[in-house]
Amino acid sequence: MHDKTLTELAAALAAGEFSSRELTQSLLGRIDALDGELNSFITVTAEKALADAERADQARAKGQAGPLTGLPLALKDIFCTDGVKTSCGSRMLDNFVSPYDATVVEKLKQAGTVCLGKTNMDEFAMGSSNETSFYGPVKNPWDLAAVPGGSSGGSAAAVAAGLVPAALGTDTGGSIRQPAAFCGITGLKPTYGRVSRYGIVAYASSLDQAGPMARTAEDCAWLLGAIAGHDLRDSTSVARGVPDYQEELGASLSGLKIGLPKEYFGDGLDPAVEAAVREAVRVYESLGATVREVSLPHTHHAIPAYYVIAPAEASSNLSRYDGVRFGHRCDAPKDLIDLYERSRAEGFGEEVKRRILIGTHTLSEGFFEAYYKKAQQVRRLIRQDFLDAFEDVDVLMGPASPTPAFDLGAKKDPVSMYLQDIYTIAINLAGIPGISVPAGFAGSRPIGLQILGPLFAEPQLLNVAHQYQQATDWHRRQPAFGKENA
Amino acid sequence: MMQWETVIGLEVHVQLSTRSKIFSGASTAFGAEPNSQACAVDLGLPGVLPVLNEAAVAMAVKFGLGINAEIPEVSVFDRKNYFYPDLPKGYQTSQMYHPIVGPGEVEIALEDGSTKRIRVHHAHLEEDAGKSLHEDFHGMTGIDLNRAGTPLLEIVSEPDMRSAKEAVAYLKAIHSIVTYLGISDGNMAEGSMRCDANVSVRPKGQQEFGTRTEIKNVNSFRFVERAIVFEAERQIELIEDGGKVVQETRLYDPDRDETRSMRTKEQANDYRYFPCPDLLPVVLDQAYVDHLRSSLPELPAEKRARFQDELGLSAYDAGVLSSSRAMAEYFEAVKEVCGDAKQAANWVQGELSGALNRENLTIDQSPVTSTQLGELIVRVMDDTISGKAAKEVFAALWNGEDDSADAIIDARGLKQVTDTGAIEAMIDQVIADSPVQVAQYRDAEPEKRGKMIGYFVGQVMKASRGTANPQQVNALLRQKLDNL
Amino acid sequence: MSLEHADVQRAAHLARLALDNDEAARYVDDLGRILEMVDQLQAVDTEGVAPLAHPLDTTQRLRADEVTETDQRDRFQRCAPAVANGLYLVPRVVE
């Protein structure tokens, strides 16, 4: 069961091949057996999951099952889940049992899905390797010496290892697409505003977006359909109808215009990654697409702009963790300042503090114009690059990450870690959707092809990914890890 | 002696009377159990997001229109970042760079009857903070976040005021505008309206401003006046003694009637304002603004002008009667019933206000309704009762003796005797009973007779037990005596 | 723009993060390198470019003024570190 896609599982449940309870039990068994090594879950909600599966089976028996009823999922531990610990990978929220559900969690519950638990992540989604988690690093099931990527590293590793068929992640600068690439799965960052942010612990509000992580683009389409839509509780969610994402999946790619941004194939790109991406592009040509080179001239300013905007927003978003109403509180504070300073110093890890300090500094008097305002201006230029490119082409393609997964502990210097996100970060600044699909291997480590589309082009993007997956089988490959537990 | 001038600017925080909070669906009702009206959004729980309340926007725009302010098409919410236990998110959502209300002006009435225009720099929307309760919880402070997220309109004046009295007049003008508009209850005791005063002094005639201090939370008209007077004197004394005013925040202590420095160990604040990424720019189209404009009631300054120009009231009367919406509405209702603005003004400001003041009641609490008072005035004007009797009727209405002036007039037999025959009979009787006085009158020079007639009037009034119409008595007496 | 020890201390104070001297020194180094990377922005010509705060050019939606929330104090205070009589407790605040 563990090697099936969501789509296949849905068909099997509908056909009565097995029950949701059996499926859930089997996956919980795998988590139990394998996740000690992998560390992809922070919280496994076995009892709740079994109860939910039972309910799903009853609904099915009464003929009340929807397309997602009884399907097991996992949630990055950034989604608030009523009555379940929601830690955001931080000591700060280690004791936080959310009193409410995020909008997407509500939607998934209403769709009848079964949540197996909350997956590991970089602390407050700040990281590209899942090494900043308070709960320890996650290992990459393809190579236990490698990182799974981040920040949604737990979700990516859990799907890749067959612990769960799909999971939700969030992506602020590549946090869905990069771990999807590193773990050989498919991950979609939707257009900003497509999915409600209500109940998702905020990192950088103008960049954060939740999205599906699964084996296939088709599965991502199922999930996106379930979580997308306008939310009255999120002012930045877009009042725009949700298309049927499956409907587009059959369309031919004949005449598809693909742009290859020349800046995405420059210095620092691993040759194996480049070769795999170029090979993938050839597959598209064989499917009838035409390819041309385009330029996104401000690409190299994306990381600097991001490291002003994201930490600035984060420094403010994380001020609410003050030890007063929830979260970590230091022992015996001697006064108010001590309560704040020690609770926060103890509750936050090093990378989070680093970004809070950067953000606080760049917003402070005398620096605001030079940093924040400048970064917002550059942000407009970056968005304009994409708008211009999409005048000429339908989609852009390139690598999701300049290298395959690197070794655990390899990147000690924060700046070299930040530079990992060179191909993903601009997409968040521009708000456009992007998807990473498995496109080969460098040795044992997967390589991801990133496909970008204009605002709200998810239907086309998913189909472009889907057609590739019809023509290749990279997405069907499974790591050796956990095979014996089948 | 150097002549000093005080320069004052006020920042007035007005709680808008919306049902729900500015960014959440929690109730804004006053006086609930602690934290029972602090929802997930108000508490700043992880993951929550703000959504702007339309009524708060409408109220802010109405205020802007009420002070003839520019209403920019786009306004933006910013975050003001600082840590305080009553500020759940660690930032206050406010408007720093693009406020919802642009420059406008407020007309204030000065004591000498003249008016002065005070410029409003801008007004912006923001969320209120919670409250810290300093009662003893084993040496801890308790935090109640019910108030957190209540919409505030912060109205920032230019430093256009030159005395504590002007500052109070401005504050009263703001109070009457917001209550007229129905956008706030203006209840200062419950904190619905709060005020910070920026005060500086300079030698008369000097152009540049002196160093200012900010006095926090002067929350009654009286305290505003006293705090400014104290602070200006303190600054003058300081400068005259060779010292320098330090730019700082000071707190007014009403018990000691002084301001004192809020010395904290804190370094200077740096609020790190930046646009709130959870909220989008607020865009107001012209149709929306026009719709709000058409719904505006007549405002105090317009009312004051109309009372003067159309009703012929004095500047003073017009000012007093337009000072609050309730007062103006009461006055206009009385005027409707009695048909005479001046009589209505005299009664509302005289007998009625006196009685209200004595019993410490507001005009809404008046036991005498505007209709009752109007009908009473009608009876004075049509000579049914004398002015003296009218006061008696008013007192009876106030005490709830009966529910109309007419009923009381009947019950107490206060109707004036205007029947000429009856009065003549009384006059004849008095003349017959006062031969000595009649003789004196007859012998007197005509110019001295005017004084002497008073005796006869008094006798006739006495005989009528006050019900005879004095003017009529006077006229008939002259006629009779002069023709004897 | 270079970063001084005092800048880090100031940011740490504004952000209410207790830092000892060693940590502060480490952050001076880290943050200095991050800012050096960020400083590449200064080379971009942004003359006349309006700042972009949100990726989508949409405007704020307004909510009807309705009370939709009920009292959930007990539920919300279950995750609070210190409460009494329905109040959140903090060390004495001196004004």
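The values are calculated or read from the model by the stated rules, or taken from the named source; none is laboratory data. Treat the numbers as computed from the prediction; the structure is a model and nothing was measured. Backbone-built Cβ (ideal geometry, glycine too); neighbour counts: all protein chains shown.
Taking the condition of being facing chain A (nearest Cβ under 7 Å) and assigned to a loop (DSSP other than H, G, I, E, B), how many residues in the stretch C:41-56 meet it?
10
Name every residue in the stretch A:211-252 that is farther than 15 Å from A:ARG194 by Cα and in contact with an Asp or Glu (Cβ under 8 Å, 6 or more places away or on another chain), in order of residue number.
A:GLN246, A:LEU249
Quick one: A:ASP413 ticks every box in (1) touching a Lys or Arg at 6+ places or on another chain (Cβ under 8 Å); (2) within 26 Å of B:ASP270 (Cβ to Cβ); (3) at the interface with another protein chain (Cβ under 8 Å from one of its Cβ atoms) bar one, so which box is it?
Here A:ASP413 clears every test but (2).
When the residues of the stretch B:131-149 are narrowed to those that are of a type in the set (A, V, I, L, M, F, W, C) and surrounded by fewer than 22 Cβ atoms within 10 Å (Cβ to Cβ), which ends up farthest from B:ARG79 (Cα to Cα)?
So, considering only residues that are of a type in the set (A, V, I, L, M, F, W, C) and surrounded by fewer than 22 Cβ atoms within 10 Å (Cβ to Cβ), the one farthest from B:ARG79 (Cα to Cα) is B:PHE137.
Name the one entry in B:SER94, B:SER163, B:SER114, B:SER157 that is among the hydroxyl-bearing types (Ser, Thr, Tyr) and modelled with pLDDT under 95.
None of the other options fit; the residue is B:SER114.
Would you please name the residue that is surrounded by the most Cβ atoms within 10 Å (Cβ to Cβ), looking only at residues in the stretch C:57-95 that are part of a loop (DSSP other than H, G, I, E, B), among the hydroxyl-bearing types (Ser, Thr, Tyr) and within 7 Å of another protein chain (Cβ to nearest Cβ)?
C:THR58
Starting from residues that are more than 23 Å from A:LEU339 (Cα to Cα) and more than 9 Å from chain A (Cβ to nearest Cβ), keep the ones in the stretch C:1-24 and report whichever is modelled with the lowest pLDDT.
Taking the stretch C:1-24 first, the residues more than 23 Å from A:LEU339 (Cα to Cα) are C:1-5.
From what is left, the residues that are more than 9 Å from chain A (Cβ to nearest Cβ) are C:2, C:4-5.
Values: C:SER2: 72, C:GLU4: 90, C:HIS5: 92.
Taking the candidates together, the pick is C:SER2.
Just the residues that are modelled with pLDDT under 95, assigned to a helix (DSSP H, G or I) and more than 8 Å from chain C (Cβ to nearest Cβ), please, taken from the stretch A:349-371.
A:PHE368, A:GLU369
Only residues that are within 21 Å of A:GLU279 (Cβ to Cβ) and in contact with a helix residue (DSSP H, G or I) (Cβ under 8 Å, 6 or more places away or on another chain): list them for the stretch A:454-463, please.
Residue satisfying the conditions is A:ASN463 alone.
Report, by residue number, each residue of the stretch B:19-36 that is at the interface with chain C (Cβ under 8 Å from one of its Cβ atoms) and of a type in the set (Ser, Thr, Tyr).
B:SER20, B:SER24, B:SER27, B:SER36 - these are the residues of the stretch B:19-36 that are at the interface with chain C (Cβ under 8 Å from one of its Cβ atoms) and of a type in the set (Ser, Thr, Tyr).
Rundown of residues vs (1) in a helix (DSSP H, G or I); (2) surrounded by fewer than 19 Cβ atoms within 10 Å (Cβ to Cβ), yes/no style:
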position: A:GLY398; (1), (2): no, no
position: A:ALA405; (1), (2): no, no
position: A:GLY409; (1), (2): no, yes
position: A:TYR418; (1), (2): yes, no
position: A:ILE422; (1), (2): no, no
position: A:ILE427; (1), (2): yes, no
position: A:ILE435; (1), (2): no, no
position: A:PRO454; (1), (2): no, no
position: A:HIS475; (1), (2): yes, no
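Do you know which residues across the stretch A:105-136 are in a loop (DSSP other than H, G, I, E, B) and either within 13 Å of the chain's Cα centre (by Cα) or under 20 Å from A:LEU419 (Cβ atoms) (or both)? Don't jump to the end; show me each part of the working.
If we filter the stretch A:105-136 for residues that are in a loop (DSSP other than H, G, I, E, B), which is where we start, we get A:111-113, A:120-122, A:126-136.
Result: A:ASN120, A:MET121, A:ASP122, A:MET126, A:GLY127, A:SER128, A:SER129, A:ASN130, A:GLU131, A:THR132.
Identify the single condition in (1) part of a loop (DSSP other than H, G, I, E, B); (2) closer than 29 Å to B:ILE385 by Cβ that B:ALA475 does not satisfy, given that it satisfies every other one.
So B:ALA475 meets the others, but not (1).
Could you say which residue among A:LEU269, A:LEU249 is of a type in the set (A, V, I, L, M, F, W, C), touching a helix residue (DSSP H, G or I) at 6+ places or on another chain (Cβ under 8 Å) and either part of a loop (DSSP other than H, G, I, E, B) or more than 29 Å from A:SER205 (Cα to Cα) (or both)?
Only one candidate qualifies: A:LEU249.
Being surrounded by 21 or more Cβ atoms within 10 Å (Cβ to Cβ), touching a helix residue (DSSP H, G or I) at 6+ places or on another chain (Cβ under 6 Å) and in a loop (DSSP other than H, G, I, E, B) is the filter here; which residues of the stretch B:31-70 pass it?
B:ASN35, B:GLY44, B:VAL48
With respect to B:SER434, is the statement that it is assigned by TED's automatic domain parsing to the domain that holds B:LEU356 and of a type in the set (Gly, Ala, Ser) true?
Criteria not met by B:SER434.
Out of the stretch B:414-433, which residues are of a type in the set (D, E, K, R) and part of a helix (DSSP H, G or I)?
Of everything in the stretch B:414-433, those that are of a type in the set (D, E, K, R) and part of a helix (DSSP H, G or I) turn out to be B:GLU424, B:ASP428, B:ASP433.
Confirm whether B:PHE63 is within 21 Å of B:PRO159 (Cβ to Cβ) and not charged (D, E, K, R). Let's see the steps before the verdict.
On the way: within 21 Å of B:PRO159 (Cβ to Cβ): yes; not charged (D, E, K, R): yes.
Judged against the criteria, B:PHE63 is a match.
Return a yes/no flag: does the stretch B:310-319 have any residue that is more than 25 Å from B:GLY186 (Cβ to Cβ), in contact with a helix residue (DSSP H, G or I) (Cβ under 9 Å, 6 or more places away or on another chain), within 14 Å of another protein chain (Cβ to nearest Cβ) and not polar (S, T, N, Q).
Within the stretch B:310-319, not a single residue is more than 25 Å from B:GLY186 (Cβ to Cβ), in contact with a helix residue (DSSP H, G or I) (Cβ under 9 Å, 6 or more places away or on another chain), within 14 Å of another protein chain (Cβ to nearest Cβ) and not polar (S, T, N, Q).
Of everything in the stretch B:37-59, what is more than 9 Å from chain C (Cβ to nearest Cβ), touching a residue at least 60 places away in the same chain (Cβ under 8 Å) and over 30 Å from the mean Cα position of the chain (by Cα)? Give them in sequence order.
Within the stretch B:37-59, B:LEU49, B:PRO50 meet the criteria.
A:ASP394: surrounded by fewer than 24 Cβ atoms within 10 Å (Cβ to Cβ), away from chain C (no Cβ under 12 Å) and among the charged types (D, E, K, R), yes or no?
When the stated conditions are applied, A:ASP394 passes them.
Search the stretch B:233-259 for residues being loosely packed, with under 11 Cβ neighbours inside 10 Å and among the basic types (Lys, Arg), and hand back the single one that is nearest to the chain's Cα centre (by Cα).
Only one residue tops the list, namely B:ARG256.
Looking at A:GLY117, A:GLY136, can you tell me which residue is surrounded by fewer than 23 Cβ atoms within 10 Å (Cβ to Cβ) and either at positive phi or among the hydroxyl-bearing types (Ser, Thr, Tyr) (or both)?
On the way: A:GLY117 fails: surrounded by fewer than 23 Cβ atoms within 10 Å (Cβ to Cβ).
Just one listed residue meets the conditions, A:GLY136.
Exactly one of (1) assigned to a helix (DSSP H, G or I); (2) within 13 Å of another protein chain (Cβ to nearest Cβ) is unmet by A:ASP331. Its number?
Every condition holds for A:ASP331 apart from (1).
Give the residue, chosen from A:GLY288, A:GLY323, that is outside any helix (DSSP H, G or I) and closer than 30 Å to A:LEU253 by Cβ.
Exactly one of A:GLY288, A:GLY323 is outside any helix (DSSP H, G or I) and closer than 30 Å to A:LEU253 by Cβ, namely A:GLY288.
For the condition among the hydrophobic types (A, V, I, L, M, F, W, C), farther than 28 Å from A:TRP142 by Cβ and at pLDDT 95 or above, what is the one hit in A:ALA14, A:ALA10? Break it down stepwise before answering.
Numbers: A:ALA10 fails: farther than 28 Å from A:TRP142 by Cβ.
That would be A:ALA14, the only listed residue that is among the hydrophobic types (A, V, I, L, M, F, W, C), farther than 28 Å from A:TRP142 by Cβ and at pLDDT 95 or above.
May I ask you to list pairs of residues, at least six apart or on different chains, whose Cβ atoms are under 9 Å apart, with the first in the stretch B:75-100 being within 16 Å of B:LYS131 (Cα to Cα) and more than 10 Å from chain A (Cβ to nearest Cβ) and the second being part of a loop (DSSP other than H, G, I, E, B) and of a type in the set (A, V, I, L, M)?
B:GLN92/B:ALA129
Listed residues A:GLU293, A:GLU346, A:GLU263; which is within 30 Å of A:LYS85 (Cβ to Cβ) and outside any loop (DSSP other than H, G, I, E, B)?
On the way: A:GLU293 fails: within 30 Å of A:LYS85 (Cβ to Cβ); A:GLU263 fails: within 30 Å of A:LYS85 (Cβ to Cβ).
Just a single option satisfies the conditions, and that option is A:GLU346.
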